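Asks: One structure coming up, written as structure tokens, with questions to follow.
Read-outs: derived from the displayed coordinates by stated rules, not from any lab. Being a predicted model, the structure only gives us computed values, none of them experimental. As a convention, Cβ positions derive from the backbone with ideal geometry for all residues, glycine included, and neighbour counts pool all protein chains shown.
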Amino acid sequence: MSNKIYEQGFFNEMQKRRYLKTFEKEKTAQISMRVLSRAKIIEEQYQTDLYNFNLEQIEQLLFYLNPATLASSRQNFFITQSYIRWGIEQDLRQTNINPMDAIADKEYYKKFIDKTKKTLFTIDEINDMVDICVNPQDAVVVLLLFNGAYGTIGYDELLNLTKNSLLGNNDLMLQDGNLKRVLKVSDKCYEMVEKALSQKMYIKKNGLVSSDLRSRAEADLDQSDYVLRNVSTRSKNVGKADLFLIQRRIAAVKSYNDLKTLTPSMIRNSGMLYMAKKMANGRKELTKEMYHEICDHFGFKSTMNNGYKTYHFHRLKEDFLNVETIKKVYEE
């Protein structure tokens, strides 16, 4: 398993590699790799492996990881806890007590969140963010995510969009693997999809290029029926783009707006919160039916219960999708 993206490597690398090999899925191992790699600076400070950390050292790491959301803080906690458990099972830890086993709760995870990081955006902030973009190819990614498109594998619901996906009346036919669904989006989003589809030239650096730039200020886009397309090159085939295109476009929007952080999940969560705001309309809390409607619109997986489609929304409710957060984001 490569760790090129983690240039600092690992403290006690042999044991870290042994642990990472216990994961069947590469993606799960990579998530753990991020925490284990960043733990190195604190492990070097104390000259001891993470599996031997006491609670004070563990908390130092959890603060250092600087999570922006409750979900990421919770994830950091469980990754660290799991690694220490493995250390105990392998008889590597000096004691057989895991100091994290008795302290897991929502309030504990919250204490490590960096509250200076903005993770949710209002509808006005999203519109301002998009209006700065001179390329519809950039703007449309933000609007699609905010309006409910995502996909379970590599943003497929965005990347699979073609001219045939536009059904009229603000309806888009989305395809995620073999699954299809129709999503109704805003006027602004639908119009931007049309503009992105017809765009032929991509303007570099949002038009703010140096006058002495030797290369062209514009680049040809691949010409195909796909809505989202790469800049043309001689080295690749024209067709469906990969997930890295979405990441590049989000990074571009982030830089244009001088934002500290911006991710697809933040934009999606902001869209869910906006939908919840419209549905709540002054209520003290959201109903189960409202949560189900939001989850359905944003393409979350459902399960059947007594013949009815149901969603596991409690984690979303706990993290951000609640009236308290609506008030905080929209009234502040």
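Asks: Relative to the longest principal axis of the chain, what angle (0 to 90°, nearest 10) does the C-alpha long axis of helix 70-89 take?
Replies: On a 0 to 90 degree scale, this one is about 40.
Asks: By how many degrees, 0 to 90 and rounded to 10, does the Cα axis of helix 136-147 deviate from the longest principal axis of the chain?
Replies: Taking Cα atoms only, the helix is inclined about 60 degrees.
Asks: Just the Cα atoms of the range 264-331, one point each, no solvent: what log10 I(q)/I(0) does Debye give at q = 0.13, 0.27 Å⁻¹?
Replies: Normalising to I(0) and taking log10 leaves -0.34, -1.32.
Asks: Cα atoms only, the chain: Rg and Dmax in Å?
Replies: My reading of the Cα-based Rg and Dmax gives 22.5, 67 Å.
Asks: Return the loop-located trypsin sites (Lys or Arg not before Pro) in the range 81-118 (DSSP other than H, G, I, E, B) with at most 12 other Cβ atoms within 10 Å of their own Cβ; answer none if there are none.
Replies: Working: sites: ARG85, ARG93, LYS106, LYS110, LYS111, LYS115, LYS117, LYS118; in loops: ARG93, LYS111, LYS115, LYS117, LYS118.
Sites meeting the loop and neighbour criteria: LYS111, LYS115.
Asks: Multiply the residue separation of THR162 and GLU218 by 0.36 nm, subtract the distance between their alpha-carbon atoms, and state the gained length in nm to one decimal. Write down the numbers at each step before the final one.
Replies: Values: separation 56, 0.36 × 56 = 20.16 nm, distance 2.31 nm.
Using 0.36 nm per residue and subtracting the Cα-Cα distance, I get 17.9 nm.
Asks: When only DSSP loop residues count, what GluC sites (Glu not before Pro) in the range 228-296 have their Cβ near at most 14 other Cβ atoms within 10 Å? Intermediate results must be reported in sequence, preceding the final value.
Replies: Details: sites: GLU285, GLU289, GLU293; in loops: GLU285.
Counting only loop positions with at most 14 other Cβ atoms within 10 Å, the GluC sites (Glu not before Pro) in the range 228-296 are GLU285.
Asks: Next up: If I take the Cα coordinates of the range 13-110 and project them onto the principal axes, what are the three extents in Å, biggest first?
Replies: Computed over the Cα atoms, the extents are 32, 30, 24 Å.
Asks: Another question about this same structure. With labels modelled as points extended 7 Å from the Cα through the Cβ direction, what inter-label distance (nm, one decimal) is found for GLU331 paired with ASP124?
Replies: So the label points at GLU331 and ASP124 sit 1.6 nm apart.
Asks: Further question: Would you mind checking the tilt of helix 264-280 against the longest principal axis of the Cα atoms of the chain, expressed as 0 to 90 degrees and rounded to 10?
Replies: Helix 264-280 and the main axis of the chain meet at about 70 degrees.
Asks: If the cut-off is a Cα-Cα distance under 20 Å, which aspartates and glutamates reach LYS21, setting aside same-chain residues fewer than 8 apart in sequence?
Replies: GLU7, GLU13, ASP49, GLU89, ASP91
Asks: Could you sort out which of LYS200/LYS254; LYS278/LYS328; LYS188/LYS284; LYS25/LYS317 sit more than 21 Å apart by Cα distance in this structure? Working shown, then result.
Replies: Working: LYS200/LYS254 23 Å; LYS278/LYS328 15 Å; LYS188/LYS284 30 Å; LYS25/LYS317 28 Å.
Over 21 Å apart, Cα to Cα: LYS200/LYS254; LYS188/LYS284; LYS25/LYS317.
Asks: What aspartates and glutamates could a cross-link reach from LYS327, if we take a straight Cα to Cα line under 17 Å and drop same-chain neighbours fewer than 8 places away?
Replies: ASP124, GLU125, GLU285, GLU318, ASP319
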